[in-house]
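Okay, so here's the structure we're looking at.
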Amino acid sequence: MGSAAQPEPKLASNATNDFVTPQKTRNTKFAFSCALIASMASILLGYDIGVMSGASLFIKDDLKINDTQVEILMGILNLYSLVGSIAAGYTSDWIGRRYTLVFAASIFFTGALLMGFATNYAFLMVGRFIAGVGVGYALMIAPVYTTEISPASSRGFLASFPEVFINFGILLGYVSNFAFSHLSEHLGWRLMLGIGAIPSVFLAASVLAMPESPRWLVMQGRLGDAMRVLSKTSDTPEEAELRLRDIKEAAGIPESSTGEIVAVPKRRHGAEGVWKELLISPTKSVRRIVIAAVGIHFFQQASGIDSVVLYSPRVFEKAGIKNKNALLGTTVAVGFTKTLFILVATFLLDRMGRRPLLLVGTGGMVLSLACLGFGLTIIDNHHGDHQLAWAIGVCIVSILAYVAFFSIGPGPITWVYSSEIYPLKLRAQGASLCVAVNRVTSGVITMTFISLYKAITIGWSFFLYAGVAAVAWLFFFTFLPETRGRTLEDMEVLFVTRYKGSSAQKNQVELVKNENA
């Protein structure tokens, strides 16, 4: 088995249809470990989403706040995270991806402690602001680092880890709700929020054992350090050399430059040139990349996932479940289902590709949201003394199906896809833009959900989300090319050739490995 010869890399025959065939991983345990640690940053957002869904029930009673204040409390963290996500683009290019992760963990640690010790609504909102900045940092940098450290053969699998940890964090938040719900009203929600500081401590300590992103090292001219990292995170030495050559080309470093440390082309500091290339005067391929990346992030949130996750106790209450312990127990089932199916998706991303999972997942979301809207409408219009058990069952099954389809489609693929399609010099700021769109959309959705269902009924709220998901399916089908197996430096060519023929196939390399090796 180990003696089988490796075939030589060969040129792709067609720039539009061919892609780098995913390889069997051989020497990627180190890349796996790095991706795992970096992705732990996503627990911070997941835990906050999950824990606030239940904690809000007790905060409302303890602090005597109204529904509008609850809406703001639930959704405002998404808007606060904009500060972190935008700043992270600068920070990650300045001090590196690794130390940006440490910074994110430190900020969230401070915010979680402040929320845990909050004595009133204003104090709680200060903690939400600081925690939100940390979440914004983590959301931007975790997918970028994971994508840049991963070889093409397993990039989809490894780059889906941030979404895995978001789901794991949500599940932990739900479990925390259930575990502390039996304590006094005054103490329980404070422990639920304050204990969220613990994951950030483990994250900050673990990140120090990771190497820096090879692409960031090349951007600093540290070719020797970059090659050592690539050698540990590539399937073969040949692939490591190929990745280094492609990154050097993307960074504007001549191929003849081979020293440990080399001079890099002087770039304008900050985002002046980057934002101009992204938004003001982009090339055709960059424009398509920006539309694709921003679009997938917008539709991920506009289809209502955070309303379901954050307000699941209220949704189940509307469906007919009244007991608080039963409500929180049912939300644990939602978190478990969401986590289970995200694990399924991680193993399919590099086998089936991004598009099939995205289309199947989004299609399933449309159907499950429509069924949920139907069940809630029936319950809303029922005025008898007895509950409609079948309608309650439809609602519960529909919610579980919805989070399952989300977790095999838009959930992981949004982060994988958007982090891998940007060119190297635009990646940090491009990721910041995507996180900003993601969090603004989520903030608007979560801060208006209660008002929305009071205005048009809760059933029609989910019919509305189903309509948005249907539009999302059409966008994904018509605009997003498959990226499975492509090298990161190949994406600009892909987004040109997906819509227009190009002679650039000579620049593409198909890394094919012997299946029997």
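The values are calculated or read from the model by the stated rules, or taken from the named source; none is laboratory data. None of these values were measured; they are calculated from a predicted model. Cβ: placed from backbone, ideal geometry, glycine included. Neighbour counts: every protein chain shown. The accessibility values were calculated without ligands, DNA or RNA, using every heavy atom of the protein model including side chains. Shrake-Rupley method; radii C 1.70, N 1.55, O 1.52, S 1.80 Å.
Assuming a ≥ b ≥ c are the square roots of the Cα gyration tensor eigenvalues, decide whether the stretch 381-445 counts as rounded (a/c under 1.5), prolate (otherwise, with a/b larger than b/c) or oblate. Here the stretch 381-445 falls in the oblate category. Would you mind checking the pairs K284/K338; K284/K425; K64/K338; K64/K454; K60/K454; K29/K284 and listing those with alpha carbons more than 26 angstrom apart? In this structure, K284/K338; K64/K338; K29/K284 exceed 26 Å between Cα atoms. For the chain, a simple Cβ point-charge model (Lys and Arg +1, Asp and Glu -1, everything else neutral) yields a dipole of about 460 debye relative to the Cα centre.
To the nearest 0.05, what FRET efficiency results for H382 and A326 with a Förster distance of 22 Å applied to their C-beta separation?
Details: r = 20 Å, r/R0 = 0.89.
According to the calculation, E is roughly 0.65.
Report summary: the helix-based calculation at 222 nm, which adds -39500 (n - 2.57) for every DSSP H run with n ≥ 4 and divides by the residues of the chain, gives -24000 deg cm²/dmol.
A Förster radius of 51 Å, combined with the Cβ-Cβ distance separating E249 from I456, puts the computed FRET efficiency at roughly 0.45. A simple packing score, the average count of other Cβ atoms within 10 Å per residue, orders the peptides 130-136, 310-316 as 130-136, 310-316, with the highest score first. Mark the label point 7 Å from the Cα of L343 along Cα→Cβ and return the residues of the stretch 146-161 whose backbone N is within less than 17 Å of it. Under cut-off, by backbone N: 157-158, 160-161. Sorted on the mean count of surrounding Cβ atoms within 10 Å across their residues, most packed first, peptides 105-111, 375-381, 412-418 read 412-418, 105-111, 375-381.
Find which of G393, A455, P151 sits farthest along the positive direction of the dipole of the chain, computed with +1 on the beta-carbon of Lys and Arg, -1 on that of Asp and Glu, about the Cα centre. Farthest towards the positive pole: P151. Solvent-accessible surface of the stretch 88-141, taken per residue with a 1.4 Å probe and all protein chains present: 34 Å².
Which sequence of E249, E71, E185, E241 reflects their accessible areas, 1.4 Å probe, from the largest down? Can you show the working numbers first?
Working: E249 135, E71 10, E185 75, E241 110 Å².
Correct descending sequence by accessible area is E249, E241, E185, E71.
Expressed as a whole percent, the accessible surface of the chain that belongs to carbon and sulfur atoms is 66, based on a 1.4 Å probe. The residues of the stretch 163-300 expose, per residue, 46 Å² of accessible area to a 1.4 Å probe.
So how do R288, R190 rank on accessible area, 1.4 Å probe, biggest first, that is with the largest at the start? If you can, show how the numbers build up before the last one.
Working: R288 80, R190 30 Å².
Heavy-atom accessible area, descending, gives R288, R190.
What distance in nm lies between label points placed 7 Å from Cα along the C-beta direction at E260 and L36? Going by the 7 Å Cα→Cβ label model, 3.2 nm.
Residues of the stretch 355-370 with backbone nitrogen within less than 17 Å of a virtual label 7 Å along the Cα-to-Cβ line of E482, please, listed as ranges. Counting only backbone N, you get 355-361. The value given for the stretch 24-170 is a Kirkwood hydrodynamic radius of 15.9 Å, derived from the mean inverse Cα-Cα separation. If you sort the three axes of the alpha carbon gyration tensor as a ≥ b ≥ c, you get a/c of 1.5 or more for the chain and a/b above b/c, which makes it prolate.
In terms of the Cα gyration tensor, with a ≥ b ≥ c the square roots of its eigenvalues, is the stretch 107-150 rounded because a/c is under 1.5, prolate because a/b exceeds b/c, or oblate? Because a/c hits 1.5 or more and a/b exceeds b/c, the stretch 107-150 counts as prolate.
Could you tell me which helices of the chain pass both thresholds, a Cα extent of 20 Å or more along their own axis and a mean Kyte-Doolittle hydropathy of at least 0.5, with helices taken as whole DSSP H runs? Write down the numbers at each step before the final one.
Working: long enough: 43-63 (27 Å, 1.00); 67-94 (42 Å, 0.59); 97-116 (29 Å, 1.13); 121-149 (41 Å, 1.31); 161-180 (28 Å, 1.29); 237-251 (21 Å, -0.97); 284-302 (26 Å, 0.67); 324-352 (42 Å, 1.10); 354-380 (38 Å, 1.29); 389-408 (29 Å, 2.27); 427-456 (41 Å, 0.86); 458-479 (32 Å, 1.78).
Span-like helices in the chain: 43-63, 67-94, 97-116, 121-149, 161-180, 284-302, 324-352, 354-380, 389-408, 427-456, 458-479.
Surface calculation, 1.4 Å probe, protein heavy atoms: F178 sits at approximately 90 Å² accessible. When only the Cβ of Lys, Arg, Asp and Glu is charged (+1, +1, -1, -1), the dipole of the stretch 342-450 relative to its Cα centre reaches about 580 debye.
Within the stretch 333-442, list the trypsin sites (Lys or Arg not before Pro) lying in a DSSP loop whose Cβ has at most 13 other Cβ atoms in a 10 Å radius.
Working: sites: K338, R351, R354, K425, R427, R439; in loops: none.
Sites meeting the loop and neighbour criteria: none at all.
Toward the positive end of the charge dipole of the chain, with +1 on the Cβ of Lys and Arg and -1 on the Cβ of Asp and Glu, the farthest Cα among G259, L433, L44 is that of G259.
For the stretch 272-368, what's the relative contact order in percent, using C-alpha pairs closer than 8 Å and at least 6 residues apart? Before the final figure, lay out each step's value.
On the way: 20 pairs, mean separation 11.7, N = 97.
About 12 percent, as a whole number.
L208 versus K64, label points 7 Å from Cα toward the beta carbon: distance in nm? It is 4.7 nm. About its Cα centre, the dipole of the stretch 285-409 is roughly 440 debye, where the only charges are +1 on Lys and Arg Cβ and -1 on Asp and Glu Cβ. Projecting the Cα atoms of L343, A319, G373 onto the charge dipole of the stretch 311-392 (Cβ charges, centred on the Cα centre) puts L343 farthest toward the positive pole.
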